[in-house]
Every structure is written in structure tokens, then in C-alpha cells.
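Worksheet for the structure shown next.
The values are calculated or read from the model by the stated rules, or taken from the named source; none is laboratory data. Quick caveat: nothing in here was measured; it's all calculated off a predicted structure. Cβ: placed from backbone, ideal geometry, glycine included. Neighbour counts: every protein chain shown.
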Amino acid sequence: MTRAVLSLGSNLGDRLAYLQLALDGLRGPSVVLVAVSRVYETEPWGVTEQPRFLNAICVVDDVTASHWDWLWAAQALEEAAGRTREQRWGPRTLDVDIVTVDGVTSDAPDLLLPHPGTPQRASVLIPWLEIDAEAVVPGHGRVADLLAALPAVERAGVRRRDDLRLR
């Protein structure tokens with residue numbers, strides 16, 4: 001069994017519907033949805049001249065999946081949402097990032113684990129901390145400590161949207 005932490009994001013079209021599409025697509029006979037954060041609205045990261053994102057974190061278990069299987073599942077979900085890759089860190093209908101899988105580290109060009117930039121992204125750390133107070137980014141430390149080390153402006157750009165719910 002593998003446990004993966006996945007980051008979901010969308011800033012084009014019906015953002016909430018795309019996040020829900022990802023969660024629905026993850027559900028299957030061998031997958032257990034362990035936890036899902038609330039929805040957060042966040043400032044774009046990387047390319048800042050684009051719409052704001054909706055983000056969530058989920059923790060999933062699968063009795064058969066490897067870290068590579070999670071990558072392929074994430075790519076299939078993005079494809080189902082009509083994602084195009086025209087600009088690095090650009091706008092997207094759906095982004096499914098593999099944050100970590102069972103503490104595995106990987107420097108394979110197609111699957112860097114933990115996901116690069118995680119320690120600097122409040123849009124990942126805040127929702128993750130919400131569902132796992134003891135979360136750790138392998139090789140970087142506790143999520144709570146990483147979040148506390150970020151500038152206040154980074155944390156302020158992440159706002160919980162209590163009016164939006166994922167099922």
C-alpha cells in the first residue's frame with residue numbers, strides 16, 4: 001500500500017468543478033480517500049499575471065499503486081480536465097501535483113519527489129497542515145516549521161473559502 005499527498009489546483013473555468021473532478025477521478029476500488037482539506041483561494045505562484053487559484057490537498061491510499069502510478073493517475077486527471085501545457089507555471093484547468101509518496105525521494109526528471117517548491121509554497125503547506133498536523137516534507141522537515149519560516153505575505157496570500165466545499 002502507498003500513501004500519497006496530492007495537491008490540487010485550478011485557475012481556469014469552473015475551478016471548484018475541476019477540483020471535484022480530480023477527487024472523483026481518484027476514487028476507485030483500490031483507492032481510499034483518507035483526508036481532504038478545505039478549499040483555499042491562493043495567489044498564483046511563478047507566473048503571477050494570471051487568475052487566482054483554488055487549491056486543496058488530499059491524502060490517498062492505494063493497495064497497489066507505486067509512486068509512478070500516482071504520477072500517471074495525476075496526468076490522466078489533468079488530461080480529463082482538458083489541461084494544456086503552454087506556459088510553465090501558467091494558467092490551468094487542473095493541476096495535480098504529487099507532493100510526496102510514503103517519504104520516497106526521487107530525482108527522476110519526470111517525477112521529482114518531494115515535489116519541488118513544496119517547502120516554499122503556502123498554498124500547499126497551509127491546507128496540508130489542516131489535515132495532518134504532523135506532516136513532514138521528506139528531506140526538509142515538518143510542514144508546521146516550514147510554514148512558520150515563510151514570509152507573512154506568502155501566508156496571507158492563502159485564504160480559506162468556507163463557502164466552497166468538495167465532496
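Of the conditions (1) of a type in the set (Gly, Ala, Ser); (2) more than 13 Å from the chain's Cα centre (by Cα); (3) more than 20 Å from Trp70 (Cα to Cα), Ala108 clears all except one; give me its number.
Here Ala108 meets the rest and fails (3).
Run down Trp68, Trp72, Trp45 and say which single residue is aromatic (Phe, Trp, Tyr) and touching a helix residue (DSSP H, G or I) at 6+ places or on another chain (Cβ under 8 Å).
That would be Trp45, the only listed residue that is aromatic (Phe, Trp, Tyr) and touching a helix residue (DSSP H, G or I) at 6+ places or on another chain (Cβ under 8 Å).
Taking the range 73-120 on its own, how many of its residues are of a type in the set (Val, Ile, Thr), touching a Phe, Trp or Tyr at 6+ places or on another chain (Cβ under 7 Å) and under 19 Å from Glu49 (Cα atoms)?
1
Output the number of residues of the range 17-37 satisfying the condition of being touching a residue at least 60 places away in the same chain (Cβ under 8 Å) and either buried (at least 17 other Cβ atoms within 10 Å of the Cβ) or touching a Gly at 6+ places or on another chain (Cβ under 9 Å) (or both).
8
State yes or no: is Leu112 of a type in the set (A, V, I, L, M) and surrounded by fewer than 19 Cβ atoms within 10 Å (Cβ to Cβ)?
Values: of a type in the set (A, V, I, L, M): yes; surrounded by fewer than 19 Cβ atoms within 10 Å (Cβ to Cβ): yes.
It is true that Leu112 is of a type in the set (A, V, I, L, M) and surrounded by fewer than 19 Cβ atoms within 10 Å (Cβ to Cβ).
Report, by residue number, each residue of the range 1-39 that is at pLDDT 95 or above, out of contact with any Pro (no Cβ under 8 Å at 6 or more places or on another chain) and either part of a loop (DSSP other than H, G, I, E, B) or aromatic (Phe, Trp, Tyr) (or both).
Gly13, Asp14, Tyr18, Val39
Which condition does Thr48 not pass, out of (1) part of a loop (DSSP other than H, G, I, E, B); (2) in contact (Cβ under 8 Å) with a residue 12 or more places away in the chain; (3) not basic (Lys, Arg), if it passes all the others?
(2)
Just to verify a result, which residue in the range 1-15, among those that are touching a residue at least 40 places away in the same chain (Cβ under 8 Å) and surrounded by fewer than 17 Cβ atoms within 10 Å (Cβ to Cβ), is farthest from Gln50 (Cα to Cα)? Let's see the steps before the verdict.
Here is the first cut: in the range 1-15, the ones touching a residue at least 40 places away in the same chain (Cβ under 8 Å) are 1-13.
Right, trim to surrounded by fewer than 17 Cβ atoms within 10 Å (Cβ to Cβ) and you get 1-3, 13.
Working: Met1: 38, Thr2: 35, Arg3: 32, Gly13: 13 Å.
Among residues in the range 1-15 that are touching a residue at least 40 places away in the same chain (Cβ under 8 Å) and surrounded by fewer than 17 Cβ atoms within 10 Å (Cβ to Cβ), the one farthest from Gln50 (Cα to Cα) is Met1.
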